[in-house]
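All remarks here apply to the structure that follows.
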Amino acid sequence: MSSLLLSLQTLALVPVISQRYPAGRTSSYRGESRCGPASMAMIARGFHRRARLSDAALIESLDRVDDGHVVLATVPVGIVRMAAALRLSAIVHPGFDAAWVRRVLRRGGLVVALGRPRYLPPSEAHTGGHYVAIVGLSPHGGFIVNDPYRATSRRGRRYRVAVKTLASFI
């Protein structure tokens, strides 16, 4: 699995956006497979990119940048394409390296991580792979995660995870 470094600006926590029920969605919107674009939409909002679009329109536009198709699984290079479309820099960093993630966050960057949701207990995602945004450091050495998927609510979720838990996920 891979992590992605995004920009080096300082910012507060990015908003949580639901991949299933984003603001501005139409009746034809489908969000089950849009964790990658939804995670990137949270990053975009954190860096004040494409503010005129609704959350749903932003997710859909980023989904098209990925591979030209909508509602298909996103690959790591698709996340890099989305970052470029938002005029943010991104690199793929294979595997999990807690020191690297901390360095990125301390410099004001954000990390989009792809992993196996069954190893991230707070996540309600049920797929083989799932993207989340790592948006901060918790007071006790763990990480703050924005998760766009929630089966039991119309909202995404922000939670704290221990280093060991995040390492298992990625």
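The values are calculated or read from the model by the stated rules, or taken from the named source; none is laboratory data. This structure is a prediction, so every number in the text was calculated from the model and none was measured. As a convention, Cβ positions derive from the backbone with ideal geometry for all residues, glycine included, and neighbour counts pool all protein chains shown. Protein only, heavy atoms only, side chains kept; ligands, DNA and RNA dropped before computing areas. Shrake-Rupley method; radii C 1.70, N 1.55, O 1.52, S 1.80 Å.
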Taking region 99-110 and keeping residues modelled with pLDDT of 95 or more and buried (at least 22 other Cβ atoms within 10 Å of the Cβ) leaves V101
Here are some conditions: (1) in a loop (DSSP other than H, G, I, E, B); (2) over 21 Å from D67 (Cβ atoms); (3) open to solvent by 60 Å² or more (accessible area, probe 1.4 Å). F96 meets all but one. Which one does it not meet? (3)
On the given criteria, is I79 crowded, with 17+ Cβ neighbours inside 10 Å and in contact (Cβ under 8 Å) with a residue 24 or more places away in the chain? yes
Within region 12-37, of all residues that are among the small types (G, A, S) and modelled with pLDDT of 90 or more, the one most open to solvent (accessible area, probe 1.4 Å) is S27
Flagged in region 111-123 as touching a residue at least 40 places away in the same chain (Cβ under 8 Å), open to solvent by 20 Å² or more (accessible area, probe 1.4 Å) and farther than 10 Å from T165 by Cβ, in numbering order, are L114, R116
In this structure, is V145 of a type in the set (V, I, T), buried (at least 18 other Cβ atoms within 10 Å of the Cβ) and either touching a strand residue (DSSP E or B) at 6+ places or on another chain (Cβ under 9 Å) or more than 20 Å from G95 (Cα to Cα) (or both)? yes
Residues being farther than 14 Å from G129 by Cβ and either open to solvent by 50 Å² or more (accessible area, probe 1.4 Å) or not acidic (D, E) (or both) - total across region 61-76: 9
